[in-house]
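The values are calculated or read from the model by the stated rules, or taken from the named source; none is laboratory data. Nothing here was measured: the structure is a model prediction, and the numbers come from that model. Here the Cβ positions follow ideal geometry from the backbone for every residue, glycine too, while neighbour counts run over all protein chains shown. SASA here: full protein model, heavy atoms, side chains in, ligands and nucleic acids out. Shrake-Rupley method; radii C 1.70, N 1.55, O 1.52, S 1.80 Å.
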Amino acid sequence: ITLNSYEDVFRHHEYTGRSGSMYGYEGIGSIYWHMVAKLLVAVQEAILDAQDEGASPATIRSLVDAYWRVRAGLGFNKTAAEYGAFPPDPYSHTPAHAGAQQPGMTGQVKEELLSRLLETGVRVVDGEIRFDPILVRPDELLPSSEEWEVYTLGGNWETVVVPPRSLGMTVCQIPVVVTLGADTPSIEVTFADGTRREINGLNIGPETSRSIFERSGTVARVSAHIPDDFAHAEHQDGA
């Protein structure tokens, strides 16, 4: 009865989304940035599926290459002439004949947030944080040590020293540093009480992951150390 009432009111079976009509700047000849971002997420999922299913290195490399080709198609990678506006401007369509149209990035923001996490080496599987270098690009690693100011869960600014060949990001406001070039894969978790725990491998564990996701304040910092050969085994020159 409920479903029938819903159908009578909203006529869901007749809904065709945006396919029933188009604006002048949609359709053939337009770059729809939200769709490009959706494709980016789909390719990333294909990479992880291939990796988890034991696909050949060549297959994974080809998927990683396709990922970065899709990534290069997003607006912020374009020149102003190609984009039809300043690339950071929030426009979602770019037809060849008219430049950027329709203000508003719509859903691209969501897809960018979803895809960016793995690009920094962070992956979440079954509620657990894992570190995976499959999409970490060498040109995003710092060439030399830098200080990074982080606003912590405790409401304070703290300085984190990011070493060479590393990148830093926050996960639920916890500073996380990923470093390539270690002797063995390991994770160092620094807790709010000053104690530290060394973990062999690149899985942080469900309990520590839960503490980070819940923003409990018990975890202060995480550092992951990934050997070069481990990263190369995942994707050699894939980016």
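Couple of notes before you dig in:
- Ordered by 1.4 Å accessible area with all protein chains kept, ILE134, ILE1 run largest first as ILE1, ILE134.
- Taking the accessible area of the stretch 87-191, probe 1.4 Å, and keeping the other protein chains in place, the carbon and sulfur fraction comes to 55%.
- For the stretch 141-157, Karplus couplings with θ = phi - 60° (6.51, -1.76, 1.60), whole Hz, Gly/Pro x: 7, 5, x, 8, 5, 9, 8, 10, 8, 10, 8, 8, 4, x, x, 10, 8
- Candidates SER144, SER166, SER92, ranked by Gaussian network fluctuation over the chain, Cα under 10 Å, top entry: SER144
- 3J(HN,Hα) from dihedral phi, the stretch 118-131, Karplus parametrisation 6.51/-1.76/1.60, rounded to Hz, x for glycine, proline: 5, 5, 9, x, 9, 9, 10, 10, 6, x, 10, 7, 10, 10
- Accessible surface for the chain, divided over its residues, is 57 Å² per residue with a 1.4 Å probe.
- Alpha-carbon spread of the stretch 128-238, three principal axes, descending order, Å: 40, 29, 20
- Sorted largest first by accessible area at a 1.4 angstrom probe radius, with every protein chain in place, the residues GLU45, GLU188, GLU158, GLU207 fall in the order GLU207, GLU45, GLU158, GLU188.
- Ranking of ASP132, ASP52 by solvent-accessible surface, largest first: ASP52, ASP132 (1.4 Å probe, protein heavy atoms only, all chains present).
- Length-normalised contact order of the chain in % [C-alpha pairs under 8 Å, at least 6 apart]: 16 percent
- Value of relative contact order over the stretch 181-225, rounded to a whole percent, pairs C-alpha under 8 Å and six or more apart: 49 percent
- Whole-Hz couplings from phi, Karplus 6.51/-1.76/1.60, listed for the stretch 42-53; x for Gly and Pro: 5, 5, 4, 4, 5, 4, 5, 4, 4, 5, 5, 8
- Each of SER166, GLY127, TYR83 was scored by the projection of its Cα onto the charge dipole of the stretch 82-239, and the greatest displacement toward the positive side belongs to GLY127; charges sit on the C-beta of Lys, Arg, Asp and Glu.
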